[in-house]
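**Q** Provided herewith is a single structure, encoded as structure tokens, for subsequent inquiry.
The values are calculated or read from the model by the stated rules, or taken from the named source; none is laboratory data. Bear in mind that the values here come from a model prediction, so they are computed numbers and not experimental data. All Cβ positions, even for glycine, are placed from backbone atoms using ideal geometry, and neighbour counts span all protein chains on display. Keep in mind that these areas ignore ligands, DNA and RNA; they rest on the heavy atoms of the full protein, side chains included. Shrake-Rupley method; radii C 1.70, N 1.55, O 1.52, S 1.80 Å.
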Amino acid sequence: MQCFRPRGKKPARETEKTAVVEERQQLSQSQPVGRDDNEVQQASKYQLSRLMRPDDSNLAGNVHGGIILKMIEEAGCIIGTRHCNVQNGDRCLAALVRVEKTEFLSPMFIGEVAHVTAEITFTSKHSLEVQVKVIGENVLTGAKKLASKAALWYVPCSLKNVEKIMEVPPIKYASAEQEEEGRKRYEAQKMERMETKARIEEAVAPPANPEQHTVGFSQSSLIHLVGPSDCTLHDYVHGGATMKLMDEVAGIVAARHCNTNIVTASVDAINFHRKIKKGCVLTVTGRLTFISNKSMEIEVMVDASSMVEAEMRKYRAVTAFFTYISLDKDNKPLPVPSLKIESEDEQRRFDEGKARYLQNKAKRLSNNQGQQ
């Protein structure tokens, strides 16, 4: 049977072919090479959302802090990588080097949706700051809450040569004051990273039969072999995967000390000192350093060693301080058992932890007064 085709109209196959060509042209025009300032500015914001499932939570139904940290890092990595690829040159991937103090303001539970919004707030020549907020939504009631917030620093590493740090395209600031505040944060985190690297110390193995409520009693370690699912396109570990492991270890330490339900309250700066490659064995160790009436500070250290490169010795890759609180069955804070100090080193770490606790408390009071 012969089909009739009106004069002046293209056949369906030709129309589809034309549409495909036009679509390819649009895609080629939307590539990051040579984008204008407006497109660069649009690339500085990103949002992802995910439903919290049973495997994201502890036995009490609270979502693990490590899950939130992993989502925060994923959003930061995506927006950082997109922004750094808006210019000509080698393609690159944003690598996490530091996470500023992360506040867990409200707990999240199974069935809630986490909305993670990331925005680039400062760029230097070779690094960028990404500020992230996590909004928790109860989809049944429509209620929303600010669950977490954090600031992360990334550097763009070339896909051709991971050791090559690329230049970061600048962003537009709303005011000169905003740019100056960002520069101050940049200089402060740079100095703190150097100081932290200078005071790295080894984790001492606990005694054979430690007494309850001592540092040795709750100290815990986790051994993890880095596989492909943990890694980026460079075959180096995602920062979010490492932070999730660190939170798991810190949670074990806190639970052993309290023997109650515990949740992550905050995380002091997480410093990524060296890259971790696929095939490495990670030893993630956590130990108590300070305890107040209702909170616990836990130092977490990540050491890496290669299974295939014999010349690569064990090295310190990441360090951080996690703060946990103990909760009752109604999710209300419980008093934390006192920490028994057994050595001069433990006393020194306790005093340093107390100083951080008082400093953070003063900052919270200052911020609250400023908001009022």
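**Q** For residues that are part of a helix (DSSP H, G or I) and over 13 Å from Leu69 (Cβ atoms), tally how many sit in region 231-248.
**A** 0
**Q** In region 252-270, what count of residues is obtained for those that are part of a strand (DSSP E or B), buried (at least 22 other Cβ atoms within 10 Å of the Cβ) and either touching a Phe, Trp or Tyr at 6+ places or on another chain (Cβ under 8 Å) or not aliphatic (A, V, I, L, M) (or both)?
**A** Qualifying residue count, region 252-270: 3.
**Q** Can you find, within region 64-83, the residue that is nearest to the chain's Cα centre (by Cα) among those that are open to solvent by 20 Å² or more (accessible area, probe 1.4 Å) and over 18 Å from Phe122 (Cα atoms)?
**A** Lys70
**Q** Let me ask you something else. Could you list, in sequence order, the residues of region 238-251 that are within 24 Å of Gly80 (Cα to Cα) and open to solvent by less than 30 Å² (accessible area, probe 1.4 Å)?
**A** Residues of region 238-251 that are within 24 Å of Gly80 (Cα to Cα), as a first pass: 238-247.
Residues satisfying the conditions are Gly239, Gly240, Ala241, Thr242, Met243, Leu245, Met246, Asp247.
**Q** Out of region 349-363, which residues are at pLDDT 90 or above and among the aliphatic types (A, V, I, L, M)?
**A** If the condition is that a residue be at pLDDT 90 or above and among the aliphatic types (A, V, I, L, M), then Ala355, Leu358 are the ones that fit.
**Q** So, of the residues in region 84-105 that are open to solvent by 20 Å² or more (accessible area, probe 1.4 Å), charged (D, E, K, R) and out of contact with any Asp or Glu (no Cβ under 6 Å at 6 or more places or on another chain), which turns out to be nearest to Ala188 (Cα to Cα)?
**A** The extreme case among them is Glu100.
**Q** Do we find that Ser148 is in contact (Cβ under 8 Å) with a residue 40 or more places away in the chain, more than 30 Å from Ile325 (Cα to Cα) and hydroxyl-bearing (Ser, Thr, Tyr) in this structure?
**A** no
**Q** Another one. Can you tell me which residue is nearest to Ile78 (Cα to Cα) among those in region 206-237 that are surrounded by fewer than 19 Cβ atoms within 10 Å (Cβ to Cβ), free of Cβ contacts under 8 Å to residues at least 60 places away in the same chain and under 28 Å from the mean Cα position of the chain (by Cα)?
**A** So the residue we want is Cys231.
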